[in-house]
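A short reminder: the numbers here are calculations on the coordinates, not readings from a lab. As the structure is a computational prediction, the values presented were derived from the model and not from experiment. Cβ sites come from the backbone with ideal geometry, for glycine too, and all protein chains shown count toward neighbours.
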Amino acid sequence: MEDSLLSQTYWEDPVPDLRLNPGVAHPGPGLEEAIAAEPRLRGHMLFATSGSGGRPKIVCLSKQGFLTAADWTNRHLECGREDRWLLALPLFHVGGAGLVARARLAGGGLEIYEGRWDAARFASLAEGSETTVTSLVPAQLHDLVVREIPAPSGMRVVVIGGGRLEPGLRARALRLGWPVRESYGMTETAAQLATQISTGDPAGWLKVIPGWSVRIEDGQVWVMGAPLLSAYLQFAADKGEWKWRDPRKEGGWFATGDCGEIDPQGRLRVKGRVGRVVKILGELVDLERLDLRLVELCPGGESVLEAVEDPRAGWRIVLVTERDRAEGEELAVRFNEGVAGFEQVREVRTVDRLRRSPLGKRLPQSEGMGEGMDPAQAVPDSKA
């Protein structure tokens, strides 16, 4: 599939290109037929993601916009023909497809990491192929750091995206010579829209890539630019059909759902999600949707789910329960049977009483829960 992205024919082909993760359930019935019947999808790439309500949706990106985003990023990071690229992300995500598009535009060589993720094998391939530019998610960087694997001698840029980069992990990576550049973006923006340009940039503060416009409104990050999605395709279960929805507001602005701030130098810092949505191993996880499943299994209200920060995965799901430990662990097993791997409960904690307000409203249970286990959850295979 990476070979097609490197060809001019692919980018000129008007047939919509649907890129789905083969390891998860199909987004819904009739999707392919709906795509074929929608003339506005000519010349588009389509990626699946989850909405804030947990319902699957398809992000529709024009191929021209995708290439524009790749070009802007190459200019921002000063990537050119002399660079050699290493792909270690799946091509059903914009991070992987975006790296291939950037390599094509830059004209440098591209190496493909294939098979299940292994940090040592990745580093060896990067050294042997004289890689200068790659992209990773925080979990992959974590694996390199905990094994104390030094950066290959020629590595110049390692873009980190798909989730929050913990400052301590960043510092350890820099000490090992990994030239990490924190980035911020999403499927809707065809990958990154803000990326550090130097390892000396302060942790968490990112330079907005020229071409993008960013503003903060009521604490939320809004963005505008040519690579933005054209629309969502969302499944209307009541009608049994896929609907076209353009989420852009007046002037072409898009609300990201992230809270952030901009400093006097124009750098962006993202603080977190507006709602109860977190990224785990680069995947959006909607806690409200997971709560609904928990209520089905445990309608009494004596158990809740919380997301706590995790040094490798970004976040992890914890079951907090008033039940005894054996019952809590049995509940976690039943819960995990019906959700994706990255959505599964990774820890059970028992409490005498869940925290609630005087009016009975449930309060966050996660105070003091930031420390704990490091789940050894595998990064998805990079071969799509």
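Below, the figures for the structure above:
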item: Extension gain (nm, one decimal) between Asp352 and Glu296, 0.36 nm per residue minus Cα-Cα; result: 17.9 nm
item: DSSP beta bridges in the stretch 1-153 [antiparallel fraction, %, rounded to 5]; result: 45 percent
item: Dipole in debye (nearest 20) - the stretch 146-251, about Cα centre, beta carbon charges: Lys, Arg +1; Asp, Glu -1; result: 360 debye
item: Karplus (6.51, -1.76, 1.60) ³J(HN,Hα), θ = phi - 60°, over the stretch 303-316, in Hz, Gly and Pro reported as x; result: 9, 9, 10, 9, 9, 10, 5, 9, x, 9, 8, x, 9, 9
item: Fraction of beta bridges assigned by DSSP in the chain that are antiparallel (%, nearest 5); result: 70 percent
item: Arg273 long-range amide H proximity, modeled H, under 5 Å; result: Cys259
item: Percentage relative contact order, the stretch 194-348, counting C-alpha pairs under 8 Å, at least six apart; result: 14 percent
item: Mean separation of Cα contacts under 8 Å (6+ apart) over length of the chain, as relative contact order %; result: 15 percent
item: Per-selection Rg to Rh, the chain - Cα, Kirkwood hydrodynamic radius; result: 0.96
item: Estimated dipole of the chain in Debye, rounded to 20 [Cβ of Lys and Arg +1, of Asp and Glu -1, Cα centre]; result: 720 debye
item: Max mean-square fluctuation residue, GNM over the chain, Cα-Cα springs under 10 Å, options Ala236, Ala120, Ala171; result: Ala236
item: Among Pro39, Gly80, Trp117 the positive-end extreme of the charge dipole of the stretch 35-160 (Cβ point charges); result: Pro39
item: Violating pairs (Cα-Cα greater than 23 angstrom) within the set Lys63/Lys243; Lys207/Lys279; Lys63/Lys239; Lys243/Lys271; Lys57/Lys279; result: Lys63/Lys239; Lys243/Lys271
item: Local electrostatic count, Val15, Cβ distance below 15 Å [Lys/Arg +1, Asp/Glu -1]; result: -2
item: Reach of Lys249 by Cα under 17 Å, taken over aspartates and glutamates that are not fewer than 8 positions away in the same chain; result: Glu188, Glu217, Asp218, Asp258
item: Exposed trypsin sites (Lys or Arg not before Pro) absent - longest run of the chain, DSSP non-H/G/I/E/B, at most 12 other C-beta within 10 Å; result: 250-352
item: In order through the stretch 95-107: 3J(HN,Hα) via Karplus (6.51 cos²θ - 1.76 cosθ + 1.60), integer Hz, x for Gly, Pro; result: x, x, 4, x, 5, 5, 4, 5, 5, 4, 5, 6, x
item: Using a Förster distance of 56 Å, the FRET efficiency for Arg42-Arg334 (Cβ separation, nearest 0.05); result: 0.80
item: The stretch 153-270: C-alpha gyration tensor shape, a/c 1.5 cut-off, then a/b vs b/c; result: prolate
item: Distance (nanometres) between label positions extended 7 Å along Cα→Cβ at Asp263 and Asp324; result: 5.3 nm
